[in-house]
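S.K.: This is the structure I have questions about; it appears just below.
A short reminder: the numbers here are calculations on the coordinates, not readings from a lab. In this text the structure is predicted, and so the values were computed from the model without any measurement. Positions of Cβ are generated from backbone atoms using ideal geometry, with glycine treated the same way; all protein chains shown enter the neighbour counts.
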Amino acid sequence: MNAPNKSGWKPQMEVADATGEHVTTTGNRALMLEEPLLFEIGHAETTGVDLPEVDPNAATRLGSLKREEPIGLVGLTEPETVRHYTRLSRQNYGIDLGFFPLGSCTMKHNPRLNEKMARLPGFADVHPLQPVSTIQGALEVMNELAHWLIDLTGMHSVAMSPKAGAHGELCGILSIRAALEARGDAREVVLVPESAHGTNPATAAFANYRVENIPATPQGRVDLEALKARLGPDVAAVMITNPNTCGLFEPDLREISDAVHAAGGFVYCDGANFNAIVGKVRPGDLGVDAMHINLHKTFSTPHGGGGPGSGPVVLSEALAPFAPLPYTARTADGVVHLIEEEQADEFAREHFGGELSSFGRMTAFHGQMGMFTRALTYMLSHGADGLKQVAEDAVLNANYILRSLEDVLHAPFADSGPCMHEALFGDKDFGGGLTTLDLAKGMIDEGFHPMTVYFPLVVHGAMLVEPTETESKASIDQFITAFRSLAERAIAGDESLKQAPYFAPRRRLDETAAARKPKLKWEPQEV
Ligand SMILES: *Cc1c(COP(=O)(O)O)cnc(C)c1O
């Protein structure tokens, strides 16, 4: 058997500081402890639990399946296990630790009250197959949240089950496809402006549409004339991100919607960043037919690293009959029902004056209960006026960053008026071959998670900064100071930035090698 490294401590990393002077024998840096892999610190014979000795001759029911060879996994004691994961967690960065200016992602504080509510047993322990009579509280939350979403957006209905923003896009596009098919209209093209989020063309392509690009104006907005010129009987829908990925509001959306409708198409709006306009603008008033809302961005909920997400889709009257099943509805007796396929037609006759033409389902069950509870808690604790202030403060904070840095950094759309919830910069003026990546790595040394980089594609070396409304002026000021000094170094061509980060648990990775030649298996080192 390959013996794990039992010789005790062996530093796995470069332990010198930036100047190469102070080296520790352990690899630790003061109270920040270095941590090798489980396989390097564990022992085959160690275990955290006290198991009875197994009699090798005892009869088992496994027959020939009984394992003869050691399994090859290492064990740790309980304290070693706890320390391993705690040490790793301290090398991580999260919204509870510091500022997370990741543009488009809306990484904001999640009030602890949300967690308390989501953990109430009636919500946390609910099972999707429980009889409806035993989950009235949970259905009430879903129904109440659905009404808030309809009110806030000025739309007709909402599909609650999609489990992420991109999943919501698919739900919207499939509703549009179902509506077009219902009228025997096989359109093949979806138009996507350059300023749309990357998930939009991906969604349209996934739903078998041919994607065509609509250019952006030099001001970073949809080119209205180019869009109008392309409309025709083959265009199923236009997918518009508003606010767009340049951080700008699309003021022509009403005119775009009218033109798209006149040409027989539908308007899909990517509302992932609804946090910038909630309480200020209702997409329903702008002629939108379908829009997903990322509950995990606009209405808090911690997210990132793959989950959880929730992307309800609000729908216009024209698309409502095609929404996926199931959905909740309250009847005159006050009971909230979960409308499944069996009840759907009858319900549709009553409410839509026709048969239901649902395109099917998005997921096995009804959506993300924990996130529904968090989102409704967030809404109720803010109130309608508080939600409006969320948007105002998010926009104010982003403009404060834009105006504080536009004199030093290239800000391509600074003259296009105020930005929305995020400020966009480019690396045009950097010297000495330095790039956006170097500045981003420098931010890690300064204690910040880097901003979104190289997105949107319309700006060279894009840096998209989103402060959200939950950052204090003090933390934004500290960010601006750090960002400004790094920008000045990058513009001056300061070579040392190319080696950043200096102080992170791991130095700069060779990302190309990591992607092209990934090492996915741990091999024991020669002792
Ligand atoms: C985050 C985001 C999405 C995708 O949302 P997911 O929940 O990650 O699938 C789509 N569009 C925009 C504009 C976004 O910011």
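S.K.: Normalised by the residues of region 189-328, what does the relative contact order come to in percent, with Cα pairs under 8 Å and at least six apart?
M.R.: 18 percent.
S.K.: Going by C-beta contacts inside 10 Å, put Phe266, Phe100, Phe123 in order with the fewest on the left.
M.R.: Lowest count first: Phe123, Phe100, Phe266.
S.K.: Rounding to the nearest 20 debye, state how big the charge dipole of region 430-495 is about its Cα centre with +1 on each Lys and Arg Cβ and -1 on each Asp and Glu Cβ.
M.R.: Here the size comes out at about 100 debye.
S.K.: Using alpha carbons only, how many angstrom separate the centre of region 270-295 from the centre of region 70-104?
M.R.: Answer, in whole Å: 37.
S.K.: Which trypsin sites (Lys or Arg not before Pro) in region 95-192 sit in a loop by DSSP (not H, G, I, E or B) and have at most 15 other Cβ atoms within 10 Å of their own Cβ?
M.R.: Qualifying residues, ordered by number: Arg119, Arg183.
S.K.: So, with +1 on the Cβ of K and R and -1 on the Cβ of D and E, and no other charges, what is the size of the charge dipole of the chain about its Cα centre, to the nearest 20 debye?
M.R.: Magnitude of the dipole: close to 640 debye.
S.K.: Residues with beta-carbon under 14 Å from that of Gly122, excluding Gly122: net charge, scoring Lys, Arg +1 and Asp, Glu -1?
M.R.: Around Gly122, the charge tally is 0.
S.K.: Just for the chain, what percent of DSSP beta bridges are antiparallel, to the closest 5?
M.R.: 55 percent
S.K.: Which residue, chosen from Ala263, Val278, His292, occupies the Cα position most advanced towards the positive end of the dipole of region 254-294, where the dipole is computed from +1 (Lys, Arg) and -1 (Asp, Glu) charges on Cβ about the Cα centre?
M.R.: Val278
S.K.: Oh, and also: Output the pairs from Lys108/Lys498; Lys116/Lys388; Lys473/Lys498; Lys428/Lys498 with a Cα-Cα distance over 20 Å in this structure; if there are none, say none.
M.R.: The pairs that break the limit, which is 20 Å between Cα atoms, are Lys108/Lys498; Lys116/Lys388; Lys473/Lys498.
S.K.: Let me ask you something else. Mind computing the radius of gyration and Dmax over the alpha-carbon atoms of region 219-280? Å is fine for both.
M.R.: According to the Cα coordinates of region 219-280, Rg and Dmax are 11.9, 35 Å.
S.K.: May I pose another question? Can you give the relative contact order of the chain as a percent, counting alpha carbon pairs under 8 Å and 6+ residues apart?
M.R.: This gives 17 percent for the chain.
S.K.: Spin-label point model (7 Å from Cα, Cβ direction): what's the Ser475 to Glu53 distance in nm?
M.R.: 5.7 nm
S.K.: Could you please report the charge total around Pro56, scoring K, R as +1 and D, E as -1 over all other residues with beta-carbon less than 15 angstrom from its beta-carbon?
M.R.: Charge balance in the 15 Å sphere: -2.
S.K.: Just check region 190-248 against the gyration tensor rule for me: Cα atoms, a ≥ b ≥ c as the square roots of the eigenvalues, rounded for a/c under 1.5, and otherwise prolate or oblate depending on whether a/b exceeds b/c.
M.R.: Because a/c hits 1.5 or more and a/b fails to exceed b/c, region 190-248 counts as oblate.
S.K.: Rounded to two decimals, what is Rg over Rh for the chain when you use alpha-carbon atoms and the Kirkwood radius?
M.R.: 1.03
S.K.: Taking the Cα centre as origin and putting +1 on Lys and Arg beta-carbons and -1 on Asp and Glu beta-carbons, what dipole magnitude results for region 154-271, to the nearest 20 debye?
M.R.: Dipole size: approximately 260 debye.
S.K.: Right, here's the next one. Positive end of the dipole of region 71-216, charges at C-beta (+1 Lys, Arg; -1 Asp, Glu), about the Cα centre: which of Ile150, Ala164, Val190 has its Cα farthest in that direction?
M.R.: Going by the charge dipole, the pick is Ala164.
S.K.: All other residues with a Cβ under 13 Å from the Cβ of Val82 taken together, and with Lys, Arg as +1 and Asp, Glu as -1, what is their net charge?
M.R.: Computed value for this residue: 0.
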